[in-house]
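**Q** The structure's right below; bear with me while I get my questions together.
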Amino acid sequence: MSGESDSGLLRDAIGLREVLFQSVTAMAPAAAIAASIPAGAAFAGGSLPLSVLVALVACLFTASCVAELARRLPAAGSVATYSAQGLHPVIGFLVGWGYVFVEALVPALLLLQLGFTTAGTLHQEWSSYPADLWWPWSLLGALIIALVGYSGARASARFGTVLGIFEVLVFVAFAVLLIGQAGADNTLSVFGTSHTADGYGGISGIFAGSVYTVLAFAGFEAAAPLAEETRNPRRTMRRAVLGAALSIGLVYVLTTYAMSVYFGPDRFAGFGGSGAASWEGVARASFGLFWVLLFLAVVNSTVANANACANVSTRTAFALGRIGVFPRAFARLHPRFRSPVIGVAVQFVIAVGAALGLGLAYDPVTAFTLLATVIVTVITGVYIIVNLSCAGYFLRRRRDAFNPVLHLLFPVLGITAFVPALLTAAGIPAFDFVSELSAPVSYAGPVVGVWMLIGIVVLVVLLRRHPERVAQTGRIHLDDTPAPAAEAGTEAETGAVQP
């Protein structure tokens, strides 16, 4: 069934290309290459390409689990639906509660980065521009994202596709240029352990670097909430999630290799996200105005990422509003664009409020770090639960389709990869390379705790007054779209999950 309905999202609005770039832009490849991944160089040094490769393999385990669940359970609720079906509706509710919270904060995070990156660059080029006049750029970004989101999935996804193609092409082109300039210095030794940073020799440096690099993959699952607006979602979602994780992972490997061999593997431990020893610094020093393209790609990446995550938060809120777990207003759709207009409006208010409130109360960089810590802590926890949900779903509900590698081994390996990342993001010093968080960044833990405590209170009230709404967390609302015979599921896949 395609087209509009009185209560549903716009069916068949987008295809594989658009949902692929929904996940790609949610990973923010340009920003990750320029800022996130270099954090691992302090541990892996010139062997960082090997750390990135290890992180890619590790993330593919979880991406495979998301893809398997998205294939069987195409729903705007995505991870909440997966957890409800694979584990229990109560867990599905709590996962959805935490997921919609942090995805609503991601645009604020990116608006802060857009603001201080643009203001800092303008000040560097023209000293008369105040370095602290960052907030107008954040407001401009928020308005763009809200307008695109209001225009519906088709406009938003195509907007993200254009932005995603640009940022990837810029960094891939620069990587090829760096490899060519490196000449005889190109070496596969960076895929070994001989160039790790002092104090982190051998595999320990590779492991530490990979933990920080894993965090750059967050967002590969962002295609899943658009399932109800996608053509042939049972097949398309799986391809989009795996395709985004694999393709951008390979881009990460290529770009990190290129900069490592060009900059010098034995000096790479000093490489970072800013200054002379950074992507922009190298471009400024040796490649003329190419740094302008890198700057535009990073700015582009912040807008594209914010757009993708706004799609995630509004669709997840729509799914929870539709079943009465959130206020029903979140399920209200624009009569023409079929966009969740209340969700878009609330997302705009949260993004602007958090960005300006925290950015002006502290400073934009500190606010960015605080929000990043909140977001990554919850997201990595969600990934761990989704891995468990994959195993639970196929063991409990789809034993006929159970594959011990895809549905048991991969979830275990995915959990193994993300537990260290969760501890690192939360600042829990389980490893010697993890630093404890200082205020105000250390407030991230209490913020997450308070939000989840509120969620538990809401859950208790719902279980006492409207238990059927919690059970509906696992419902698949594409009942009117017959699945192919080979993929047709059990009654549990097309109806509500019983507690």
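**Q** I'm trying to understand the selection: among the residues of segment 265-296, which are assigned to a helix (DSSP H, G or I), open to solvent by less than 30 Å² (accessible area, probe 1.4 Å) and closer than 19 Å to A39 by Cα? Working first, answer last.
**A** Going through segment 265-296, the residues assigned to a helix (DSSP H, G or I) turn out to be 265-270, 279-286, 290-296.
Now narrow it down to the ones that are open to solvent by less than 30 Å² (accessible area, probe 1.4 Å): 265, 268, 279, 281-283, 291, 294.
Within segment 265-296, P265, F268, W279, G281, V282, A283, L294 qualify.
**Q** Still on this structure, I have one more. Select, from F330, F410, F402, F418, the only residue that is open to solvent by less than 10 Å² (accessible area, probe 1.4 Å) and either modelled with pLDDT of 95 or more or under 24 Å from the mean Cα position of the chain (by Cα) (or both).
**A** Values: F330 fails: open to solvent by less than 10 Å² (accessible area, probe 1.4 Å); F410 fails: open to solvent by less than 10 Å² (accessible area, probe 1.4 Å); F402 fails: open to solvent by less than 10 Å² (accessible area, probe 1.4 Å).
It is F418.
**Q** Right, here's the next one. Give me the pairs, please: first residue somewhere in segment 362-374 and more than 13 Å from L105 (Cβ to Cβ) and free of Cβ contacts under 8 Å to residues at least 12 places away in the same chain, second residue anywhere and buried (at least 23 other Cβ atoms within 10 Å of the Cβ) and of a type in the set (G, A, S), beta-carbon distance under 9 Å, and either six or more positions apart or on two chains.
**A** No pair meets every condition.
**Q** Hey, another quick one. Can you tell me which residue is farthest from R396 (Cα to Cα) among those in segment 69-90 that are of a type outside the set (K, R) and open to solvent by 10 Å² or more (accessible area, probe 1.4 Å)? Quick ask: steps written out before the conclusion?
**A** First, the residues of segment 69-90 that are of a type outside the set (K, R): 69-70, 73-90.
When the remaining residues are screened for being open to solvent by 10 Å² or more (accessible area, probe 1.4 Å), the result is 87-88, 90.
On the way: L87: 9, H88: 11, V90: 16 Å.
Applying the filter and picking the extreme gives V90.
**Q** Just checking, how many residues over segment 403-447 are more than 29 Å from A367 (Cβ to Cβ) and either in a loop (DSSP other than H, G, I, E, B) or of a type outside the set (G, A, S) (or both)?
**A** Of the residues in segment 403-447, 13 are more than 29 Å from A367 (Cβ to Cβ) and either in a loop (DSSP other than H, G, I, E, B) or of a type outside the set (G, A, S) (or both).
**Q** In segment 254-264, how many are open to solvent by less than 20 Å² (accessible area, probe 1.4 Å) and assigned to a helix (DSSP H, G or I)?
**A** The initial filter retains those residues of segment 254-264 that are open to solvent by less than 20 Å² (accessible area, probe 1.4 Å), namely 255-256, 258-261, 264.
Retained after the next criterion (residues that are assigned to a helix (DSSP H, G or I)): 255-256, 258-261.
The qualifying residues number 6.
**Q** May I pose another question? So, in segment 195-245, exactly how many residues are open to solvent by less than 20 Å² (accessible area, probe 1.4 Å), touching a Pro at 6+ places or on another chain (Cβ under 6 Å) and more than 14 Å from L69 (Cβ to Cβ)?
**A** Of the residues in that region, 1 qualify.
**Q** Here is a further query. Check segment 152-170 and report whether any residue there is under 30 Å from I14 (Cα atoms), at pLDDT below 95 and not in a helix (DSSP H, G or I).
**A** The answer is yes, given that some residue of segment 152-170 is under 30 Å from I14 (Cα atoms), at pLDDT below 95 and not in a helix (DSSP H, G or I).
**Q** Residues that are touching a His at 6+ places or on another chain (Cβ under 9 Å), open to solvent by less than 40 Å² (accessible area, probe 1.4 Å), in a helix (DSSP H, G or I) and in contact (Cβ under 8 Å) with a residue 12 or more places away in the chain: does segment 352-361 have at least one?
**A** Of the residues in segment 352-361, the ones touching a His at 6+ places or on another chain (Cβ under 9 Å) are none.
Looking through segment 352-361, none of the residues is touching a His at 6+ places or on another chain (Cβ under 9 Å), open to solvent by less than 40 Å² (accessible area, probe 1.4 Å), in a helix (DSSP H, G or I) and in contact (Cβ under 8 Å) with a residue 12 or more places away in the chain.
**Q** So F337 clears everything in (1) open to solvent by less than 10 Å² (accessible area, probe 1.4 Å); (2) more than 24 Å from I91 (Cβ to Cβ) except one condition, right? Which one?
**A** (1)
**Q** Are any residues in segment 184-211 under 10 Å from A44 (Cβ atoms) and part of a loop (DSSP other than H, G, I, E, B), and if so, which ones?
**A** The answer is T193, H195, T196, A197, Y200.
The values are calculated or read from the model by the stated rules, or taken from the named source; none is laboratory data. These numbers come from a predicted model, not from an experiment. Here Cβ is always computed from backbone atoms with ideal geometry, including for glycine, and neighbour counts include all displayed protein chains. Protein only, heavy atoms only, side chains kept; ligands, DNA and RNA dropped before computing areas. Shrake-Rupley method; radii C 1.70, N 1.55, O 1.52, S 1.80 Å.
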